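Please read the structure below before turning to the comments.
The values are calculated or read from the model by the stated rules, or taken from the named source; none is laboratory data. Note that the structure is a prediction, hence the values are computed from the model and not measured. Virtual Cβ from ideal backbone geometry, glycine too; neighbours counted across all protein chains shown.
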Amino acid sequence: MTTLLDTNIVIAMLDNNDRFHKWAIEKFNECKTQGPMVISDIVYCEASIGMESLEAMDEAISRLGIDRIPSSNQSLFRAGRAFKHYKEVNRGPKTGVLPDYTIGAIAETAEVPLLTTNPADYTSYFPAITIIDPSATTS
């Protein structure tokens with residue numbers, strides 16, 4: 001079974017000092033025994049902010065054995081609809097929601113679980129996706 005990774009998982013795996021580092025590595029390895037581990041283009045983009053170069057980013061993704069999943073028109077449209085709904089309901093200045101909606105929509109339309117440390121970003125707008133998060137194992 002394919003598993004989609006949220007940006008926070010990629011960052012946690014690459015940062016030994018991240019509070020979720022150990023959990024992310026353990027869950028990643030557990031899920032990887034069941035199938036491919038993938039990231040979307042938006043996760044690649046967000047995670048690359050902390051990298052010094054394109055080559056460093058590509059090397060990290062390759063070393064971890066992560067593949068990329070393309071964004072379908074269906075998932076991009078679904079992300080836009082979820083973001084539009086958010087803006088209509090909240091009218092707030094919250095930033096960063098469109099990337100989260102894109103990640104959630106990709107998981108939803110591809111019908112794959114999402115490995116994340118922040119399930120709250122997804123549960124309200126994408127209740128059908130399976131979320132794998134540390135809430136059951138951390139205090």
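How about the stretch 28-67: which of its residues are farther than 15 Å from residue 9 by Cα and either among the aromatic types (Phe, Trp, Tyr) or in contact with a Phe, Trp or Tyr (Cβ under 9 Å, 6 or more places away or on another chain) (or both)?
Residues satisfying the conditions do not exist here.
Taking residue 71, is it in contact (Cβ under 8 Å) with a residue 60 or more places away in the chain, within 24 Å of residue 98 (Cβ to Cβ) and either surrounded by 19 or more Cβ atoms within 10 Å (Cβ to Cβ) or under 16 Å from the mean Cα position of the chain (by Cα) (or both)? Steps first, please.
On the way: in contact (Cβ under 8 Å) with a residue 60 or more places away in the chain: no; within 24 Å of residue 98 (Cβ to Cβ): yes; either surrounded by 19 or more Cβ atoms within 10 Å (Cβ to Cβ) or under 16 Å from the mean Cα position of the chain (by Cα) (or both): yes.
Spelling it out, it is not the case that residue 71 is in contact (Cβ under 8 Å) with a residue 60 or more places away in the chain, within 24 Å of residue 98 (Cβ to Cβ) and either surrounded by 19 or more Cβ atoms within 10 Å (Cβ to Cβ) or under 16 Å from the mean Cα position of the chain (by Cα) (or both).
Exactly one of these conditions fails for residue 9: (1) within 19 Å of residue 128 (Cβ to Cβ); (2) β-branched (Val, Ile, Thr); (3) at pLDDT 95 or above. Give me its number.
With respect to (1) within 19 Å of residue 128 (Cβ to Cβ); (2) β-branched (Val, Ile, Thr); (3) at pLDDT 95 or above, residue 9 is out only on (1).
Do we have any residue at all in the stretch 86-102 that's touching an Asp or Glu at 6+ places or on another chain (Cβ under 8 Å) and modelled with pLDDT of 95 or more?
So far as the stretch 86-102 goes, no, none of its residues is touching an Asp or Glu at 6+ places or on another chain (Cβ under 8 Å) and modelled with pLDDT of 95 or more.
May I ask you to list the residues in the stretch 103-124 that are at pLDDT 90 or above and part of a loop (DSSP other than H, G, I, E, B)?
Those that are at pLDDT 90 or above and part of a loop (DSSP other than H, G, I, E, B): 111, 112, 113, 116, 117, 118, 119.
Taking residue 129 as meeting all but one of (1) assigned to a helix (DSSP H, G or I); (2) under 16 Å from the mean Cα position of the chain (by Cα); (3) under 24 Å from residue 1 (Cα atoms), write down the number of the exception.
(1)
Restrict the check to the stretch 43-60 and report whether at least one residue is more than 13 Å from the chain's Cα centre (by Cα), at pLDDT below 95, buried (at least 19 other Cβ atoms within 10 Å of the Cβ) and among the hydrophobic types (A, V, I, L, M, F, W, C).
Scanning the stretch 43-60 turns up no residue that is more than 13 Å from the chain's Cα centre (by Cα), at pLDDT below 95, buried (at least 19 other Cβ atoms within 10 Å of the Cβ) and among the hydrophobic types (A, V, I, L, M, F, W, C).
Residue by residue through the stretch 9-42, note down the ones that are polar (S, T, N, Q) and within 18 Å of residue 56 (Cα to Cα). Spell out how you get there, then give the answer.
The initial filter retains those residues of the stretch 9-42 that are polar (S, T, N, Q), namely 16-17, 29, 33-34, 40.
Passing the criteria: 16, 40.
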